[in-house]
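Report on one structure; see the data block that follows.
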Amino acid sequence: CADDSLCPINSTCLENEGVCSNPMEQGCLKSILGEEYNARTCSSDDDVGADELGLCRPNVFDYPEIRILSQNWQEPTFFAWVLQIMLSEMGNVPVTIETNDKASFYDPVMNWDYAKKSYDYDALRAANDAPQNNCNVVEGPCAHVMSEVWSGQRQEWREAEQEGLIEPAGNNGRTASYNWYIPKFVAEEDPSLVSFYGLRGENNRRKLAQRFKRPVSWEQYCQEMSSDQCQTPDETALRPPQNAEEEASYFWEDSNSTTFSGFFRATPENDCETYPTNCTGHIVNYECTQSTFVVAQAHWLNISLKSSGPEANGAGGYPNAALLQIWRAAYATNSSVMMYYANTNPARLPFQGTPFEFQRILLPEPTAECLANRVSQEDRCSSDPIRQVGSPLGRCDNDLSSLKKYVIGSLRTNTFIQTEASRSPAYDMIGAMEISTLEMFSIMKLWQQEHSSERYYGSRYAVCHWVAQNIDALASKMVPPSYPRDHQVQSFYDDHPGLLYVALTFGGIALLAVLVCFALTWQWKKRMVIVYAQPEFLYVILMGLCLVAISAILHATPPSNGSCVARMWMTTLGFSMELVPLIVKVKAINYLFNQSVRNRRVKIDKKKLYKTVAAVMACVVVYLIVWTAVDPPAKQAEAVLTDAVNDGGGGKVQTFHFCASSTKYWHIASMAYLIVLLLTATVLATQSRNVDAGFKESKYLAAMIYSHFLFVLLRSLMFFFGGKVVKNNWGVVVAGVTSIFLSLDAIICMGIYFCPKFLVARNQGTYSSGGRASLARVQGFAARSARAFRSTRSLSSTAIRGSTDAPAIVPSEQEATKTESGGHSRPGEKSVCFKSNEAENDREGH
C-alpha cells in the first residue's frame, strides 16, 4: 500500500512495511460485534506485554497452546482461522498457525502466505512426541491439528494411525474431489474434450498440443518475451516484477488494475512437427504432495497431456496459488487451458455464467479396486517416472469423499489427565469443528466480495464476518458445557476466614506458652525437679516446641515459596528437637536401671548424650537440605470449578494456593520418620514403666507420646484426604486445620510434660551442689531402688558413676520433694551408691 485509502476499513498503511494493518488483531468478535466479547487469548506469537497494551488477554487458565498446521491452499487456511477464532476467543485457548509466520488470523498485518508443504507429517510427529505436547519447547515445525486431508492421503493416514501419530481421521465437514476441467467455451468449441474418449490415443495428440499451450510466469515473460525486460509497458506487463512473489506469478493485479495479464506460448513440448510421438498439450497440475493422480491417469489412459510447472522432481506440478492465477490469465487472454482442480473450490464462483465457467472432463468411473491401487505420495514425489505412474489399476477418476482432519494421537490423553477445572476445551472443540461445503462457499463468496489480489486483504474480513454471523450456531456446536469460563484467584482469607483466625489464635497461644515455659524453666532451673529433669534437655525440647508453634502460625498465613520451605523445616526440626532428647534421656534411664539390677558400676557421660542428640539432628538437617535443594515445597496453584454460572452461561473457576513439593514422597518420608521416633519413644517409655514404678516420668512421657500419635494421625489424614473431603479451596482448610493440630499438639505436650514439674518446682527449695544435695540425691535414688527390688532380689552394692554434672535420672516429683525435705531410706532398704564428681568433692554424699 502507498496510503490508507488502499487498505480495508479500520486498517492503516504501515509506512515501514508498505502493507495494511490488521484491525482484528485484538479479536474478530470484539472488532465486529463490540465490547460484549473479550479480546483473544495471548499466544507465543505475541510480544511480552501485549496483554498490557490490550492486544490480548493473558492465559489465566494456563491452557496448553494449540498449533494448527498451515497448508498451501485457501480452504484449510480459512478452516484454521475459524478454529483459531473459536478457540482463542470463546475457549480462552492460546492458538497459533504453524509453519508460516504470517498465517495467523491475528497477525499485525493483513497480508498472508501459503505454507510450503501440503501435508507436514513431521510437524505432527514433533507435537505428538513433545512433553505434554508442548510445541514451545520444540525447535522447528510443530502442530497438533491438520485441518484438511484429501482422499489421496489414504495410505499415509492409515500408516499414521497405526503408528499412533494421529487419532482415527475425523471429518472436517466437507465432501470434495479433484477433477479435470476446461473452460466452457472450449467445451462448446470442441465437445469431444469433455470426456477421456475424446482425449486419449495418438490421433488426439496433435489436437491437445496445439490447443493447450504452456503458461509463462511474469519473470519468464520479462526475461524471454519482452525486448527490454518489461521496462516499457505493453499489453501483457505494465512493469517488471518487484519481488520474488511477483516474479513467480502468472497473473497480478495492483489495486484492481491488472499489472501482468499472463501469457501462454507453445514450447518445444507442443511441437508435433519436430516431435510427433512425444509432443504434448499442457495440463495445470498440483505439486505431488497434493492428492493428484494426473501423471498416472494421463499415462495409463494414453492422453498426451503434461504439466510443466516448476516442481523439481520432473512431474511438473505448480504451487497452489499459481493454479487460480493461470486460470485468471487464461480468462484475461482468452486462452484455452486445462486444469486439475477441486470441484468444491469456491475460487471457481466468479467464473460462473462466463465463458470460463469450469467444465468437468469425465474420466473412467472410480471403483474400490482402482482407489485401492492409487499411487502413493512417496511414489508421486519420486524422480523415477516409472514410480510416478504407479499401477494401471489406479487410472480412474476421483471419487467424491469426505475430507478429513488430523489430531495428534496423544492430545486426548494429555487433555483428560488434567482435572476438570484445569482441563482445556481445545480437544473437544477441535473434534466438534466442521465446516460444510456450503458454509465454505459462503466464506468464499464473502472473500470474493472483499477480494484484492494484492496479498489477499479481504480474506480475514470474509472469515471474521462469517464467524460473527454464525457465532450462536458455532458456539452451540463447538463450545463444551461450562465454557467459556470466568477465572477468579482466591485470596487466602476469602474462604474460611474464621478457621484461619482461630488457627492464628491457637498458634499465638502455643508460642506464648512456650515462652512462659522457657521463663519458668530458667527461673526454677536449680529446683530439684528441674535439675533431675536436666535443664539443658528441657531447653532443647522447648526450642523444638517453639519451632512447632511457629510452623503452626506459618500454616495459617498466605503461602509463598519461602514460607512453604519454612513450614517444612520448622515442623520437622521442631518435633525432632522435642522427641530426640526425650528418647536419648529415657534410654539412658533404662540402661542405668538395668545395670543396677546386675550390680554393675556404670558411668553415664552426659556429653555423649548431647552428641547423640546432635548426630540425629544433623541427619535431619541433611535430609531437609537435600529436600530443599532437589524438590522444595513451593507455592502451588489449583483450580476448582464451582457451581456458579457466569453471564455467558459458562462456569466459574476459582484458583487457590497451597504448599507442596512436586512429589508427596518427601512429606511421607518426614511423617514416617516422626512415627519411628514416636514408636521408639513408646517402646522406651513402656520399658521404663515396667521396670521401675518409681520413675513417675514414664507416665507423663507415655501420655505425651499418645497425644503426639493422635495428632500425627490427624495430620496424616488431613494431608492425604483433605482435598477429597473439602471441594472448594481445600488448601486453605488443610492449612488451617493442620495449624490447629500443630498448636494443640504443642500445647497439650507442654501441659502433660512441663506443668507437673512446674507445680512441684513452685514449692521446692533451691538445689545445691554441695554434699547435702548429693546426699539427698543418693537417698532418693536408693529409696526407689530398694523399693523396686525388695521383692525380687537383694542388692549388695551397685556403684553407678554419673557424669560430670547431674545424672540423666528423673525421680518422681513426690520423691524429689521428699529428698529435699531431708527424707532418708527406710530401715532395711539397701542403698545404691551413686558416684559423681560432686560426690568426690563432698564425701558426705557416700
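Listing for the model above:
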quantity	calculated
Prolate/oblate/rounded label for region 178-248 (Cα gyration tensor, a/c 1.5)	prolate
Whole-Å distance, taken between Cα centres, linking region 102-132 and region 625-677	36
Under-5 Å amide H pairs with residue 489, H placed in peptide plane, nonlocal only	655
Spacing of the two label points (7 Å from each Cα toward its C-beta) at residue 383 and residue 223, in nm	2.0
Net length gained if the chain between residue 399 and residue 664 were fully extended (0.36 nm per residue, minus Cα distance)	89.7 nm
Spin-label model distance (nm) - residue 643 vs residue 476, 7 Å beyond Cα toward Cβ	2.9
Cα centroid separation - region 290-348 against region 508-524, whole Å	93
Rg and Dmax of region 301-450, Cα atoms only, in Å	20.4, 62
Flagged links, alpha-carbon separation over 32 Å, of 526/611; 117/213; 306/404; 445/652	445/652
Ranked packing of 527-540, 47-60, 169-182, most packed first, by mean Cβ within 10 Å	527-540, 169-182, 47-60
In Hz, Karplus ³J(HN,Hα) per residue of region 478-486 (6.51, -1.76, 1.60; θ = phi - 60°; x = Gly, Pro)	9, 7, x, x, 6, 10, x, 9, 9
Point-to-point label distance, residue 175-residue 512, nm (Cα→Cβ direction, 7 Å offset)	8.2
Cα centre as origin, Lys/Arg/Asp/Glu Cβ charges: region 167-243 dipole, Debye	380
Calculated FRET efficiency for the pair residue 505/residue 53, C-beta based, R₀ 45 Å, to 0.05	0.45
Residue 280 long-range amide H proximity, modeled H, under 5 Å	270, 271
Region 76-143: C-alpha gyration tensor shape, a/c 1.5 cut-off, then a/b vs b/c	oblate
Derived scalar couplings ³J(HN,Hα) [region 460-469; Karplus, 6.51 cos²θ - 1.76 cosθ + 1.60; whole Hz; x for Gly, Pro]	5, 4, 4, 5, 5, 5, 5, 4, 4, 5
Per-residue ³J(HN,Hα) for region 273-280, Karplus 6.51 cos²θ - 1.76 cosθ + 1.60, θ = phi - 60°, Hz, x for Gly and Pro	6, 7, 10, x, 9, 10, 5, 9
Distant-in-sequence amide H partners of residue 359 (H built 1.01 Å from N, under 5 Å)	182, 184
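The numbers here are math on the coordinates, done by the rules we state, and not lab data. Keep in mind that this is a model prediction, so the values were computed, not measured. All Cβ positions, even for glycine, are placed from backbone atoms using ideal geometry, and neighbour counts span all protein chains on display.
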